[in-house]
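Chemist: Supplied in structure tokens, the structure appears directly below.
Every number in this text was worked out from the coordinates using simple rules, so none of it is lab data. Computed from a predicted model, the values in this text were never measured in an experiment. Don't worry about glycine lacking a Cβ; one is built from the backbone with ideal geometry, like all the others, and counts go over all protein chains shown.
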Amino acid sequence: MAEEKVATRTVFPVSTESQKPRQKKAPEFPILEKQNWLIHLHYIQKDYEACKAVIKEQLQETQGLCEYAIYVQALIFRLEGNIQESLELFQTCAVLSPQSADNLKQVARSLFLL
């Protein structure tokens, strides 16, 4: 004698009050950091020319307000030996994000190298 097990499911009543009509999507604002991943990818692969091209494009789109793009550009300038330009860009990052200790450390590092 084989007994068959019957699965019983508990069915909860669906209230119509909990189902609110969906509102329209919130308006989409431009994302300032939408290409940070690509900048990072080129930077870690040491493809600095491609990285600079993406940074230039990103900074044009954001009117120079993309902190990460400026930060990586400053790192590249410092690697190339342009310490003064690097310092100015790190100072710009510190103005854009004054609570970031990393930006201030990079400013200090550039000052030390000068």
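Chemist: Restricting to Cα atoms and excluding each atom paired with itself, what does the Kirkwood estimate give for the range 58-114 in Å?
Modeler: Across the range 58-114, the inverse of the average 1/r is 11.0 Å.
Chemist: Now for a different question. Tally Lys/Arg at +1 and Asp/Glu at -1 over every other residue whose Cβ is under 11 Å from the Cβ of L89; what's the total?
Modeler: -2
Chemist: Please give the net charge around H40, taking every other residue with its beta carbon less than 14 angstrom from that of H40, where Lys and Arg add +1 and Asp and Glu add -1.
Modeler: Taking every other residue near H40 into account, the sum is 0.
Chemist: Separate question: Counting each pair of different Cα atoms once, what's the Kirkwood radius of the range 38-79 in Å, rounded to one decimal?
Modeler: Mean inverse Cα-Cα distance, inverted, gives 9.9 Å.
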